[in-house]
Structures are given as structure tokens and as C-alpha cells.
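Data first, discussion second: the structure below is written as C-alpha cells.
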There are 2 protein chains.
Amino acid sequence: MPDRIPDDSVGLVTPQSAHFDTPLQLESGRVLPRYDLVYETYGELNQERSNAVLICHALSGDHHVAGYHSAEDKKPGWWESCIGPGKPIDTRRFFVVCNNNLGGCKGSTGPISMNPDTGKPFGPDFPIVTVRDWVDSQASLADRLGIRTWAAVVGGSLGGMQALQWTISYPERVRHAVVIAAASRLSSQNIAFNEVARQAIMTDPEFHEGHYYEHNVIPRRGLMLARMLGHITYLSDAAMRDKFGRELKEGKLNFGFDVEFEIESYLRYQGQSFVERFDANTYLLMTKALDYFDPARAYRDNLSAALAEVEAKFFVASFTTDWRFSPARSREIVKALLDGDKDVSYAEIESVQGHDAFLMPIPYYINVFGSYMRRVAAEVI
Amino acid sequence: MPDRIPDDSVGLVTPQSAHFDTPLQLESGRVLPRYDLVYETYGELNQERSNAVLICHALSGDHHVAGYHSAEDKKPGWWESCIGPGKPIDTRRFFVVCNNNLGGCKGSTGPISMNPDTGKPFGPDFPIVTVRDWVDSQASLADRLGIRTWAAVVGGSLGGMQALQWTISYPERVRHAVVIAAASRLSSQNIAFNEVARQAIMTDPEFHEGHYYEHNVIPRRGLMLARMLGHITYLSDAAMRDKFGRELKEGKLNFGFDVEFEIESYLRYQGQSFVERFDANTYLLMTKALDYFDPARAYRDNLSAALAEVEAKFFVASFTTDWRFSPARSREIVKALLDGDKDVSYAEIESVQGHDAFLMPIPYYINVFGSYMRRVAAEVI
């Protein structure tokens, strides 16, 4: 934690946990008989229970979206830039909820959880979960918290896909959907990158077909490679050029295979530190959820038809140098919504930071996002 | 080989080998005391020795650039689309030479060659070679073949970098340089992809620090991952969409980690077949040659200054959907040449195929490339 908690932070926060005994029917056909969801909340639920905002996290995110867990924390939650007093999701007005998704590795039931049937971690036996499954589990959490209707469901990247799915699965329970730097489905190239990441993990000899916990090892090399590759797709070419260029770590070529360019050093560090804080089986599950998400599939690839019944109003945003989910992908969503005469605001935000931009305090972004959320607040408070 | 060799193929060809005892001083400071270069030639060297064209290969290429090695060959050389009677590099007019680069794995001295000092393969002890080193070794081959001046030095991708370097290292020995789908240096993002590929190979437990030959294994998983990743960067997003889309191999989701999408099947196949025909140490060396290439570095990043002394005329070509070496990168080269009042023709070719386009028989490309080469032929024949 910084010496003094900034005034615009939610401050010290504590995760909570909810246990569910009602079986969850999964899209795969399998059933999860019981599960836990870890979540955090910030702000106060109003008397009318009308000011709740659900934040959905992306691939490597979790429930700790803002604030600090302890005085020792060096870093706040992953979306501190957008959530807090006076920020776009203003915690003086909204009651904010974010849970770690099922299949995750930060407290909600997932591959590292104990399988009560075997007394060992689920590992690869944890069922493949989809965006629709997550939304269903989030609906159970909403029930538990007494939230009938979300003022807004909000997410970036894979989180944006959850926001979109909410409006399809539970049209009457979402007033506004905020879909940032997302797509209505992965492209072939997106799937290709995920597949290389999965192969990196699954061909690591220490993967042991997912049962690495029992061998007291982790598929460190594979998970590191997956994360390095992911990072390339999160940054734009321009951002990498601005940040690293062709700078040499020691100022000269060494004609060897140790780190030479700054970008190599950055990627290795990102890969290595990720291994310490993330589970490989969870990584695999998250990439599958991404690959599978495709609400238009059931409508002969007609996204307008898939979104015909949504009732939410939308704020869609994209970033000019995001090549993972480019502005064109966001415009597909906007077009499909307009086809059905839905209420949609769209912002294409100039930024060099690529996909990562959705996490950054870019003034124009904070501004339009904040404006939209003030409109949401005005309706419910 | 097809049932009948097409009329526009150079037909059956036989590799040759040249041994060099004159030590090669490498850019790294190390010396290669002796080496072999394997090469192929097509067409006839004319009396004036003025019609020789050098083809330079890219990362995974070799000396077998056109024609067939035997009646059993199913596939011709890697640039059959552009080399042969009546093709852009018309073997009725030109004497075509292409050698496997030093450090390669197809017959020229490289990591799999016997190190005479140890009686074992060089492996990781083979020195890191650069584009400049390759050009120097190609100059020795030219001397051996009695070729004082190339009518043209031609290459795509890493091959285009060699063509560019030829005009800098030996300005008086190159009449024309053809630089296709290349760049004057890698971007930070390009280096990042190479670094992930290298880490995939080097962290494979069967890499054994490059001494895998002695263990009778190969770093199969790492090399497969490197190739899968490479393939993503060779294809455009649009080409992948057109070719694979989100098609499912079995027509339905299986909720498992076996191949589901067509793109996964394609990438795994490409990765697995590459392992059978390429050497991991060579792959590492080739990526380093790419990373290091940067002729402007010695001129304070001023490419115009680096190209001030070139005498060759240039044909530079790029492809609209190539995101590995985008048209913008080719235009940097064109601009630097124009700064020095050099003679340069530039074609930006509309194509969906991404970086791979330079190997494809795209009509407009074949047309402009052919026109330029006819101009070259008219000068020398």
C-alpha cells in the first residue's frame, strides 16, 4: 500500500465467500453439484437495491478489482483506474460486486479446489466452464446478495463477453451493459494464439496431464510461454516500440542467447512472475471459455438475431491500437445492436497501448466512461 | 513430382557443394576456419557472366528454391511460383544461384555439422552468424563461381534483408536488389515473437543446452511451438478467417482439450511436420540473425546514411495484409533510398495472404515482379 491511501481509492477491502449447494447445470452437459464463489464489494447497496454494478474479470483477473487487502499491499486491485470515489464507477453512488469466476484459482471453486469425491484437487477433472456458465453462477450470487437487477454489468475483454452474455441470458436483470475492448466471438487468429498457449502448457513434461499438483511440480515453462505470448497480444506494436524499441539491456550485442533486448527482459519477467501467481489448469479453462464464446452460433451466425431480445442499454468502447479485439470487432456488436433498435453508445478511443488500454487511466476514456456511468447513476439513485 | 513436370518448371535439379578453406571472419568476432555451402543453380551463366541472380532464403528456407530433386518429389522448391522459364526470374535469361545459409541444416555448415575439433556436432557451439556474415560467405561463393557482379540479388523476408545488406557490403557487385516483404530491422514486437519461440525451444527439457544430438533426442515440443507461433505471424487475420474461420473439426464442441477448431488442427500439423525437417539450433540462429539485422545502427539509426553508398537499383515490394513486415516497413526502406536519390521502384500489393503472400502466385505481384526482372535482363543480355 502506498504511504497513504489515495482519496480516490476504496481503501482497505476484504474478500468474502459464498457457498452454493444448488447444482449448477453447465453448458457442457456436466453438473457442478456445489461450489464457492469468492467476491468483493465496495460501496453501499441502496434501500431500493437498484445501484448494484457487477464487474466481470478477464483471463487472468480476479475478484480483487479495487483497493488494498492490507497495509503491506504494494499494488491495488486490477481496475483501480476506473473504480473508486469519483472514478467512472463511482463507489459513492454504486454498490460494486466482483467475483472470481468458477474455474479460477483465487478462491472460487476451480481446478486447485479439493474434489470432495476424491479428496484430491480437481485438476483436469474440473469441468470446462463457459461464459454462459459464469453468468449463471453470477446470477446465483446476485440472488444471494438480494440483487434482482443490476444497474450495470461491466467488463473489459473476456469480462465484456460476460456483460454481453448477461443481456442475453437474463435480459430483465441488466439495465446497462458496458462492453469494453471485447468481441462477440474470437477470430481464427485469436483461437490460434490460445491454442499455442495451451500447447505450451499441455506439452510441458511437468503438466502430467493436468495432475501436476500430485507430483508437487507446476508446468512452469509452459505457463511462462503462454503468458509471454499473451503479453505480446495485449500490447500494440507502437506501445512496444515506445516502451522498449530496440534498446539493448547492456548497450551492446553479446552474440549469445541470454537476454539482449529490453523487450526480452520484460517478457521473461512477466512470464516468470505469472507462474508464481496463476494456475495452469485455470489458464487452460479460461482460454477455452474465450474460444467457445459465440452467442451468434445458435442463430446461424446472426449476431443481430442473438441480441434481438436484449433489454439493456449499451456502452461499447474500443481502442484504436487494440489488435487482439480491434475496434472493428466492437463495431460488429454495435451494428448488431442497432439492427435491433437497441440503445447503444459507442466510443472508439485513441490510444497507443493496445488491448491493455482498457486498464489504463486514459483521460478521454475515463471521461466518456464516467459520463455514461453518471447517466446510469442518475436513473437509479 | 507431378505426373509430368510443368513446362514452366526448371525440372530436375541437383544440389552442389563448395568447400571453403579461407577463414570467415564473423561479425561476432569469432572465426569460422572452414565451411561448406550447399547450393543449386538453374539456367546458364552467359559468356559475359553478367546474368547471374542470387536468391537469398528466409528463416526456414534452403537452397532448393525451384524444380524437383527426384521423380518421387511431391513438392517443388520453395519459390517455384517465381522462378522458372517464363516466370519473374526467368531461367531462360538468368543464371540463378541459391545457397543454404551458414548455420543452416540442409547441407551447409551449421550446428548439425561435425565440428572437426571435437568429432561431434557443433550444436550450440556453432557461432552466431549475422546477415552480414551470410553475405560475406555468399560473396566467396560468387568468387568461386566466377561471378563478379550479380545482375540481381533477390529475397523475401529475411532473404530481402540479405539483398539489402549485399548493396551495403558490396555496392559494386550488385546491379539490382529486389527486397520483398522485408524490413530494415525488426520491431520490438518482431523480436518479442522470436524470443517466445527461442524460449519455447531452450526451455524444452530435451534441448539439453543445445547438445540434444548427443542424447539422441530433439526438443520436439519447443520447436513445434516455435513453428506454430511463426505460422500465426505469416498469415493475416483475414487469411485465417477465410481459410479456417471458426469451423469445428467435428462439427460440434467437445468440451475438451483435443483439437476442436480447424485452425488448431492446421497449426498442430504445421508444427509437428516442421520438427521432422528442421533443426532447433538452426532455428535459434536464424531468429538471432533476424533480431540483429539493423544496418542503420552504425549510423545512429539513420537508414538513409546507411544506404548512402549503395549503387544498386532497387525493387521493393510489400503486401497489404502482411503484419509481420507491414508495407510501412518497406516504405521506410524506400524513403531512405529516395533520400539518397537512389533508383527505386516500389509496389504495394493488395493481398489477403499476409506475409506468406511473397511465396504465392498472385497475378499482380507476378506481373510487376516480372516487369522489373525483364528490365534487369534487358540490361545484361
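The values are calculated or read from the model by the stated rules, or taken from the named source; none is laboratory data. Worth saying up front: this structure is predicted, and the values here are computed from it rather than measured. Note that each Cβ is placed from the backbone with ideal geometry, even for glycine, and that neighbours are counted across all protein chains shown. All accessible areas refer to the heavy atoms of the entire protein, side chains included, with ligands and DNA or RNA removed. Shrake-Rupley method; radii C 1.70, N 1.55, O 1.52, S 1.80 Å.
Select from the range B:40-71 the residues that are within 17 Å of the chain's Cα centre (by Cα) and not in a loop (DSSP other than H, G, I, E, B) and list them in ascending order.
B:E40, B:T41, B:V53, B:L54, B:I55, B:C56
What are the pairs with Cβ atoms under 7 angstrom where one residue, in the range A:308-337, is more than 14 Å from chain B (Cβ to nearest Cβ) and without any contact (Cβ under 8 Å) to a residue 24 or more places away in the chain and the other, located anywhere, is open to solvent by 20 Å² or more (accessible area, probe 1.4 Å) and hydrophobic (A, V, I, L, M, F, W, C)? Sequence gap at least six, or different chains.
If the second residue must be open to solvent by 20 Å² or more (accessible area, probe 1.4 Å) and hydrophobic (A, V, I, L, M, F, W, C), the pairs left are A:V334/A:V344.
Within the range A:201-226, how many residues turn out to be more than 10 Å from every other protein chain (Cβ to nearest Cβ) and not in a loop (DSSP other than H, G, I, E, B)? Outline the logic, then answer.
Initial filter on the range A:201-226 (more than 10 Å from every other protein chain (Cβ to nearest Cβ)): A:207-208, A:211-219, A:223.
Those still in the list that are not in a loop (DSSP other than H, G, I, E, B) too: A:207-208, A:212-215, A:223.
Counting residues in the range A:201-226 that are more than 10 Å from every other protein chain (Cβ to nearest Cβ) and not in a loop (DSSP other than H, G, I, E, B) gives 7.
B:T203 fails exactly one of the following numbered conditions: (1) among the hydroxyl-bearing types (S, T, Y); (2) open to solvent by less than 10 Å² (accessible area, probe 1.4 Å); (3) farther than 21 Å from B:T320 by Cβ. What is the number of that condition?
Checking B:T203 against (1) among the hydroxyl-bearing types (S, T, Y); (2) open to solvent by less than 10 Å² (accessible area, probe 1.4 Å); (3) farther than 21 Å from B:T320 by Cβ, the one that fails is (2).
Given the residues A:S236, A:S188, which is the only one that is free of Cβ contacts under 8 Å to residues at least 40 places away in the same chain and not aliphatic (A, V, I, L, M)? Before the answer, list the steps.
Working: A:S236 fails: free of Cβ contacts under 8 Å to residues at least 40 places away in the same chain.
After ruling out the rest, the residue left standing is A:S188.
Under 7 Å between Cβ atoms, at least 6 apart or on separate chains: pull out the pairs that start in the range B:124-150 with a residue that is more than 17 Å from B:R175 (Cα to Cα) and end on any residue that is open to solvent by 10 Å² or more (accessible area, probe 1.4 Å) and basic (K, R).
Hits for this filter: B:P127/B:R30.
Quick test of your reading of the structure: A:Q138 fulfils all but one of (1) away from chain B (no Cβ under 14 Å); (2) on the phi > 0 side of the Ramachandran plot; (3) not charged (D, E, K, R). Name the failing condition by number.
Against the list (1) away from chain B (no Cβ under 14 Å); (2) on the phi > 0 side of the Ramachandran plot; (3) not charged (D, E, K, R), A:Q138 comes up short only on (2).
Mind listing whichever residues of the range A:98-121 are in contact (Cβ under 8 Å) with a residue 12 or more places away in the chain and touching a helix residue (DSSP H, G or I) at 6+ places or on another chain (Cβ under 8 Å)?
A:N99, A:N101, A:L102, A:G103, A:G104, A:C105, A:G110, A:P111, A:I112, A:K120, A:P121, listed by residue number.
Could you list all residues from the range A:338-357 that are open to solvent by 10 Å² or more (accessible area, probe 1.4 Å) and touching a residue at least 40 places away in the same chain (Cβ under 8 Å)?
Hits for the range A:338-357 are A:V352, A:Q353, A:D356.
Output the residue which, of all residues in the range B:110-127 that are in a loop (DSSP other than H, G, I, E, B) and open to solvent by 10 Å² or more (accessible area, probe 1.4 Å), is farthest from the other protein chains (Cβ to nearest Cβ). Talk me through it step by step, then tell me what you get.
Taking the range B:110-127 and keeping what is in a loop (DSSP other than H, G, I, E, B), we get B:110-113, B:116-119, B:122, B:126-127.
Within this subset, residues satisfying the condition of being open to solvent by 10 Å² or more (accessible area, probe 1.4 Å) are B:112-113, B:116-119, B:122.
Values: B:I112: 18, B:S113: 19, B:P116: 22, B:D117: 19, B:T118: 19, B:G119: 24, B:F122: 15 Å.
Checked the range B:110-127; the qualifying residue farthest from the other protein chains (Cβ to nearest Cβ) is B:G119.
Within the range A:14-39, take every residue that is in a loop (DSSP other than H, G, I, E, B) and not charged (D, E, K, R) and give me the one that is nearest to the other protein chains (Cβ to nearest Cβ). Spell out the reasoning first.
The initial filter retains those residues of the range A:14-39 that are in a loop (DSSP other than H, G, I, E, B), namely A:14-15, A:21-23, A:26-30, A:33-34.
Pick out the ones that are also not charged (D, E, K, R) and you get A:14-15, A:22-23, A:26, A:28-29, A:33.
Working: A:T14: 35, A:P15: 29, A:T22: 22, A:P23: 17, A:L26: 8, A:S28: 4, A:G29: 8, A:P33: 18 Å.
Going through the qualifying residues, I end up with A:S28.
Please identify the pairs in which a residue from the range B:251-263 that is closer than 20 Å to B:I232 by Cβ has its Cβ atom under 7 Å from the Cβ atom of a residue that is open to solvent by 50 Å² or more (accessible area, probe 1.4 Å) and of a type in the set (A, V, I, L, M, F, W, C), counting only partners at least 6 apart or on another chain.
These pairs meet every condition: B:F257/A:M202.
Looking at the range B:358-381 only, could you name the residues that are in contact (Cβ under 8 Å) with a residue 24 or more places away in the chain and aromatic (F, W, Y)?
B:F358, B:Y365, B:F369, B:Y372
Which condition number does A:I366 fail, the rest of (1) among the β-branched types (V, I, T); (2) closer than 14 Å to A:A177 by Cα; (3) surrounded by fewer than 19 Cβ atoms within 10 Å (Cβ to Cβ) being met?
A:I366 satisfies all of (1) among the β-branched types (V, I, T); (2) closer than 14 Å to A:A177 by Cα; (3) surrounded by fewer than 19 Cβ atoms within 10 Å (Cβ to Cβ) except (2).
Quick check on the range B:268-295: of everything there that is touching a helix residue (DSSP H, G or I) at 6+ places or on another chain (Cβ under 9 Å) and either without any contact (Cβ under 8 Å) to a residue 60 or more places away in the chain or surrounded by fewer than 18 Cβ atoms within 10 Å (Cβ to Cβ) (or both), which residue is farthest from the other protein chains (Cβ to nearest Cβ)?
Step by step, filter the range B:268-295, then rank; the result is B:S273.
Report every pair of residues separated by at least 6 positions or lying on different chains whose Cβ atoms are under 6 Å apart, first residue within the range A:13-28 and over 16 Å from A:V135 (Cβ atoms), second of a type in the set (G, A, S).
Matching pairs, first to second residue: A:V13/A:G67.
Output yes when any residue across the range B:172-180 is more than 14 Å from every other protein chain (Cβ to nearest Cβ), open to solvent by 20 Å² or more (accessible area, probe 1.4 Å) and either outside any loop (DSSP other than H, G, I, E, B) or under 29 Å from B:L303 (Cβ atoms) (or both), and no when none is. Spell out the reasoning first.
Our first condition is that a residue be more than 14 Å from every other protein chain (Cβ to nearest Cβ); within the range B:172-180, this holds for B:172-180.
Right, trim to open to solvent by 20 Å² or more (accessible area, probe 1.4 Å) and you get B:172, B:175.
Filter once more, so that each one left must be either outside any loop (DSSP other than H, G, I, E, B) or under 29 Å from B:L303 (Cβ atoms) (or both): B:172, B:175.
Yes - at least one qualifying residue is present in the range B:172-180.
Can you give me the number of residues within the range A:338-381 that are in a helix (DSSP H, G or I) and more than 19 Å from A:F319 (Cα to Cα)? Quick ask: steps written out before the conclusion?
Restricting attention to the range A:338-381, the residues satisfying the condition of being in a helix (DSSP H, G or I) are A:338-339, A:354-359, A:363-380.
Still in the list and also more than 19 Å from A:F319 (Cα to Cα): A:338-339, A:374-380.
Total satisfying the criteria: 9.
From B:R198, B:R185, grab the single residue that is closer than 19 Å to B:G104 by Cα, within 14 Å of another protein chain (Cβ to nearest Cβ) and modelled with pLDDT of 95 or more. Show your work before the answer.
Working: B:R185 fails: closer than 19 Å to B:G104 by Cα.
None of the others qualify; the one that does is B:R198.
Among the residues of the range A:297-336, how many are open to solvent by less than 30 Å² (accessible area, probe 1.4 Å) and β-branched (V, I, T)?
Qualifying residue count, the range A:297-336: 4.
Quick one: how many residues across the range A:159-179 are more than 15 Å from A:Y346 (Cα to Cα) and among the β-branched types (V, I, T)?
3
In the range B:237-261, which residues are open to solvent by less than 100 Å² (accessible area, probe 1.4 Å) and facing another protein chain (nearest Cβ under 8 Å)?
Of the range B:237-261, the ones open to solvent by less than 100 Å² (accessible area, probe 1.4 Å) are B:237-240, B:244-246, B:248, B:251, B:253-257, B:259-261.
B:D237, B:M240, B:F244, B:G245, B:R246, B:L253, B:F255, B:G256, B:F257, B:E260, B:F261 - these are the residues of the range B:237-261 that are open to solvent by less than 100 Å² (accessible area, probe 1.4 Å) and facing another protein chain (nearest Cβ under 8 Å).
Could you list, in sequence order, the residues of the range B:30-47 that are of a type outside the set (D, E, K, R) and either touching a His at 6+ places or on another chain (Cβ under 7 Å) or within 14 Å of B:D136 (Cβ to Cβ) (or both)?
Keep residues of the range B:30-47 that are of a type outside the set (D, E, K, R), which gives B:31-33, B:35, B:37-39, B:41-43, B:45-47.
Hits for the range B:30-47 are B:V31, B:L32, B:Y35, B:L37, B:V38, B:Y39.
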